[in-house]
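I have placed the structure first, in the form of structure tokens, so that the comments after it can refer back to it.
The values are calculated or read from the model by the stated rules, or taken from the named source; none is laboratory data. Please read these numbers as outputs of a predicted model, since none were measured by experiment. Neighbour counts are summed over all protein chains in view; Cβ atoms, including those assigned to glycine, are modelled from backbone coordinates with ideal geometry. Each accessible area value is taken on the protein alone, full model and side chains, heavy atoms only, with ligands, DNA and RNA left out. Shrake-Rupley method; radii C 1.70, N 1.55, O 1.52, S 1.80 Å.
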Amino acid sequence: LYDLKVPNSEDAAEVRLELQKHNIPVRTIIPTTSGHRVVVFDERRELRDRVAAYAEETDAKIYEYTGTGKLVGQSSRAGSRDTYRKIIHQYEQVH
């Protein structure tokens, strides 16, 4: 998982275009008071060079975390939220 802090980025559409330009297709863009935060799930670490190139071009700070994870997103924010809520609900039923 890559967690990028992108400074001085006022427009999420511009952040999205730069990510597309670097061929980083699956990500979450979160507005912050100082720019944007971009979270990229990279299960096999195949995007590492692309994320590094994006960060260098945009002066983003990269935080990299390893562990286990599963991509649960959908094509829309609402769909992703619903899927995530279902997973949490199922977990809570068992635990």
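Only one residue in Gly69, Gly79 is farther than 21 Å from Lys5 by Cβ and open to solvent by less than 60 Å² (accessible area, probe 1.4 Å). Which one?
One residue alone meets the criteria, Gly79.
Could you tell me how many of the residues in segment 1-38 are open to solvent by 30 Å² or more (accessible area, probe 1.4 Å) and either of a type in the set (A, V, I, L, M, F, W, C) or in contact with a Gly (Cβ under 9 Å, 6 or more places away or on another chain) (or both)?
11
Here is a check on your reading of the model: is Tyr54 touching a residue at least 60 places away in the same chain (Cβ under 8 Å) and either in contact with a Leu (Cβ under 8 Å, 6 or more places away or on another chain) or closer than 11 Å to Val6 by Cα (or both)?
Here the answer is no, as Tyr54 does not meet what is asked.
Sort out which residues of segment 47-95 are at pLDDT below 95 and at positive phi, and write them in order of number.
Scanning segment 47-95 gives a single hit, Gly67.
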